[in-house]
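The values are calculated or read from the model by the stated rules, or taken from the named source; none is laboratory data. All values reported here derive from a predicted model rather than from experimental measurement. So basically every Cβ, Gly included, is an ideal-geometry build from the backbone, and we count neighbours across all protein chains shown.
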Amino acid sequence: MSDLKVGVYSLKGRKTSEIELPPVFKTQIRLDLIKRAVLSAISKRKQPYGRDPMAGKRTTAISLGPGHGIARVPRVKGSGYSAAQRGAFSPSTVGGRLSHPPRSNKVLGEKINVKERRFAIRSAIACTAVRELVEARGHKITSIKELPIVVDDAIEKINSTKEAIEALKSLGLEAELERCKNNVHVRAGRGKTRGRRYKKPRGPLIVVSKDEGVVAAMKNIPGVDVINVRNLNCELLAPGCHPGRLTIYSKSALEALKNR
């Protein structure tokens, strides 16, 4: 990144001017911090789960104690005599309690320091300008001359899916859109029965300063996400802990990054 200027393109794919990249694109790339920030964000959405504290304990079983020639397992009252009595309550018995059951009050979210999280976001933003990282994620960018892609603010006013697709194709993302549309496949393993049957590739991320219809226009295009520049996070910039997502910035969104 010796040259800190990139072109600003119109929705027709024509270069209209140049703009200087904010200092955030000079941030040191820290893959370890980006991974920590992504995992922390994912863990915060985990739903607490646990067993009923009284599960396996609602019984009259008591241990007979030593001196009877049988194991000191708690046995249900009235179920017979001596060794014939049915065991209950203890972890080694049928229907008994678990030894160390999951508890619903366990904290599942992984913590990360505020300064580390902020640095991770800046580092993930810087990764969007590194062609090697973007290509390593599988994005089709052979027809794109420079990264990141900066578009004039007219992209924020797109209000139809047809117009949005035409704009993305004009910017040289036709192959990328085909990749996101045709690479959907069924997940392997038990996950397919748990509400996540299909795996879908992540396509371009569009960063805007305000929504004037672009969110509704882009939401039906497979793989495309739209986010306000104030809400940028590592999970969107580095899906699956892999930085270098193909990112399109509106001109005003790029200028807003100067204050971050």
TODO: Considering every residue within region 39-46, establish whether at least one is free of Cβ contacts under 8 Å to residues at least 24 places away in the same chain, of a type outside the set (Val, Ile, Thr), assigned by TED's automatic domain parsing to the domain that holds ILE248 and under 22 Å from THR247 (Cα atoms).
DONE: no
TODO: Name the residue, out of LYS46, LYS57, that is within 39 Å of the chain's Cα centre (by Cα) and basic (Lys, Arg).
DONE: LYS46
Open item on the list: Condition (residue is surrounded by fewer than 20 Cβ atoms within 10 Å (Cβ to Cβ), over 25 Å from CYS234 (Cα atoms) and over 21 Å from the mean Cα position of the chain (by Cα)) applied to region 189-205: is it met by at least one residue?
Closed with: no
